[in-house]
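The values are calculated or read from the model by the stated rules, or taken from the named source; none is laboratory data. Computed from a prediction, not measured in an experiment: that's the story for all the values here. Note that we place each Cβ from the backbone using ideal geometry, even for glycine, and neighbour counts take in every protein chain shown.
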């Protein structure tokens with residue numbers, strides 16, 4: 001899709017042929033290395049000047065190249081690489097831009113003035129890699145504590161406790177940590193007073209039912225009105241990307257379950273699609289349909305959690321009990337098929353763990369018969385409730401242009417009127433074979449975000465019903481040597497095949513060198529894994545782009561001028577997961 005878009009020709013016409021080095025990747029996304037001294041001009045051209053521009057900064061990350069296997073790294077030499085992923089809705093195309101950096105403490109111009117959502121992404125790269133962004137308005141740590149020493153995604157930083165000495169909490173460290181706990185508004189970019197009033201500062205969280213996890217929001221208040229709000233994230237940060245470098249391609253699958261921990265196997269799918277691109281694995285049709293069915297079950301389960309807790313945030317207690325009970329019905333199906341519930345860890349490289357069990361059709365059909373009536377009841381209980389409407393209609397509004405500028409995806413984007421769903425527009429795993437609609441709304445407020453998600457559950461039911469009626473026959477795993485575990489019939493021909501099987505099970509497959517990115521329509525928006533292999537049993541770099549990270553970054557922008565009570569409506573309508581933000 002990207003190959004014939006003419007982007008490179010337009011860039012060469014504007015800046016000259018010699019400015020760009022093309023890199024071949026396994027995902028066919030146009031990948032260009034650009035000069036550091038012209039990076040701002042090139043990025044600005046792509047966003048604002050090129051025909052059919054790229055207004056969406058999809059992701060911004062970095063790679064520590066210093067220990068990479070140079071024999072498999074057919075790219076320009078660099079110590080670190082900055083990677084930008086831009087997306088054009090008009091072209092329906094990604095472009096990947098890279099800048100090579102050298103030295104122990106490299107610098108690169110900030111693009112936070114060009115894209116609003118670049119602010120947090122640049123802070124994350126600074127925090128985890130130590131790369132400085134000149135011109136950034138508030139370059140400070142974002143995931144790690146401010147007293148943390150080192151940059152965790154550098155290759156020299158320890159990945160396991162066994163690589164470090166025993167923990168010691170010396171007195172001077174206690175003093176340093178205690179001093180860091182003292183709140184100083186100026187350190188967060190906040191002012192203590194305006195010309196005519198003194199501001200009050202209040203912590204919402206980190207232990208508050210409205211934050212749905214350990215999240216701290218520092219509120220700058222003028223009476224009840226919010227002047228500014230600063231999210232303090234990172235409490236759930238577990239180093240998911242770092243762990244990817246130390247796990248095999250196969251044993252990393254369970255870790256993905258814990259990112260959007262309400263999305264279940266959908267996390268597996270985002271990761272495995274990228275692995276399968278790298279390995280050149282084409283999965284059977286039966287695998288595609290099974291995966292889609294299970295993903296849509298988890299989409300409904302995740303939306304039910306959001307639906308019930310959102311109503312609870314507004315002050316309505318009953319819905320959460322009904323909706324969690326219906327979620328249990330989904331988990332009964334998931335458990336019967338996968339053996340697990342919230343984190344079934346059931347998808348595999350090249351397929352799924354095992355075939356569907358006998359009687360799965362009855363379980364699925366019973367749910368399809370049961371759930372539509374419940375959704376209708378919930379419409380009357382929640383969506384038509386006058387208090388619910390009063391707390392959500394006209395609250396937390398943002399326009400379509402603002403949504404794209406801040407990197408908003410999923411239902412939050414569709415609530416602004418944009419009919420965009422990666423399952424439809426850039427189909428994966430066979431979604432192009434299914435009939436379903438893309439629900440949208442027009443006002444971009446909290447209520448419309450709820451309208452879209454409720455409608456999405458009905459569309460998921462349509463997809464599941466098609467899976468039930470049209471489940472293909474065939475194997476549940478690809479006939480490919482890099483599937484895990486390898487197919488048993490290939491093990492007993494001779495000693496070599498037995499050894500290969502043993503190594504593939506114990507060490508995992510050796511994925512060919514290259515890089516690839518997947519992008520799926522997850523429960524909360526666009527989720528992708530950008531994987532780099534240097535031809536080893538483990539990934540060289542795992543980058544997880546989650547929807548909740550840019551959504552939370554937008555919170556200060558859309559909450560200013562509202563009250564504290566409105567903030568809880570805005571948070572509830574956002575539908576985020578803290579582990580999805582922090583990773």
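Of the residues in the range 16-40, how many are in a loop (DSSP other than H, G, I, E, B) and closer than 17 Å to residue 57 by Cα?
Number of matching residues: 2.
Return yes when residue 213 is closer than 24 Å to residue 124 by Cα, at pLDDT below 85 and either in a strand (DSSP E or B) or within 18 Å of the chain's Cα centre (by Cα) (or both) and no when it is not.
yes
I'm told residue 342 meets every condition in (1) surrounded by fewer than 18 Cβ atoms within 10 Å (Cβ to Cβ); (2) under 27 Å from residue 548 (Cα atoms); (3) touching a helix residue (DSSP H, G or I) at 6+ places or on another chain (Cβ under 7 Å) except one. Can you identify the failing condition by its number?
(3)
If a residue must be within 22 Å of the chain's Cα centre (by Cα) and more than 17 Å from residue 460 (Cβ to Cβ), how many such residues does the range 421-443 contain?
The total comes to 2.
How about the range 545-555: which of its residues are touching a strand residue (DSSP E or B) at 6+ places or on another chain (Cβ under 7 Å) and surrounded by fewer than 24 Cβ atoms within 10 Å (Cβ to Cβ)?
552, 555
Listed residues 523, 440; which is farther than 26 Å from residue 288 by Cα and modelled with pLDDT of 85 or more? Even if it seems obvious, please write down each step before you answer.
Working: 523 fails: farther than 26 Å from residue 288 by Cα.
Matching residue, one of 523, 440: 440.
Show the residue pairs meeting these rules: Cβ distance below 8 Å; 6+ apart or different chains; first residue within the range 501-516 and at positive phi; second residue part of a helix (DSSP H, G or I) and crowded, with 21+ Cβ neighbours inside 10 Å.
Every condition considered, the pairs that remain are 514/278.
Looking for whichever is more than 25 Å from the chain's Cα centre (by Cα) and either modelled with pLDDT of 90 or more or crowded, with 20+ Cβ neighbours inside 10 Å (or both) here; the options are 408, 382. Which one fits?
Matching residue, one of 408, 382: 382.
For the range 346-441, which helices (runs of 4 or more DSSP H) that fit wholly inside it have 3 or more residues that are under 22 Å from residue 553 (Cα atoms), in the same structural domain as residue 315 (by TED's automatic domain parsing) and touching a residue at least 24 places away in the same chain (Cβ under 8 Å)?
Here the list reads 400-405, 411-414.
Please go through the range 556-577 and give me each residue that is surrounded by fewer than 20 Cβ atoms within 10 Å (Cβ to Cβ) and assigned to a helix (DSSP H, G or I), ordered by number. Write out each step before concluding.
Step one: of the range 556-577, the residues surrounded by fewer than 20 Cβ atoms within 10 Å (Cβ to Cβ) are 556-557, 560-565.
Across the range 556-577, the qualifying residues are 556, 557, 564, 565.
Take residue 287 and decide whether it is touching a strand residue (DSSP E or B) at 6+ places or on another chain (Cβ under 6 Å) and under 30 Å from residue 476 (Cβ atoms).
Yes: the conditions hold for residue 287.
Do you know which of the residues in the range 201-229 that are under 24 Å from residue 260 (Cβ atoms) and in contact with a strand residue (DSSP E or B) (Cβ under 6 Å, 6 or more places away or on another chain) is surrounded by the most Cβ atoms within 10 Å (Cβ to Cβ)?
The qualifying residue surrounded by the most Cβ atoms within 10 Å (Cβ to Cβ) is 217.
If you go through the range 163-179 one residue at a time, do you hit one that is under 32 Å from the mean Cα position of the chain (by Cα) and touching a residue at least 40 places away in the same chain (Cβ under 8 Å)?
No, the range 163-179 contains no residue that is under 32 Å from the mean Cα position of the chain (by Cα) and touching a residue at least 40 places away in the same chain (Cβ under 8 Å).
Suppose the filter is outside the structural domain of residue 124 (by TED's automatic domain parsing), touching a helix residue (DSSP H, G or I) at 6+ places or on another chain (Cβ under 8 Å), crowded, with 19+ Cβ neighbours inside 10 Å and farther than 30 Å from residue 558 by Cβ; does residue 283 pass it?
Yes; evaluated as a whole, the condition is true for this residue.
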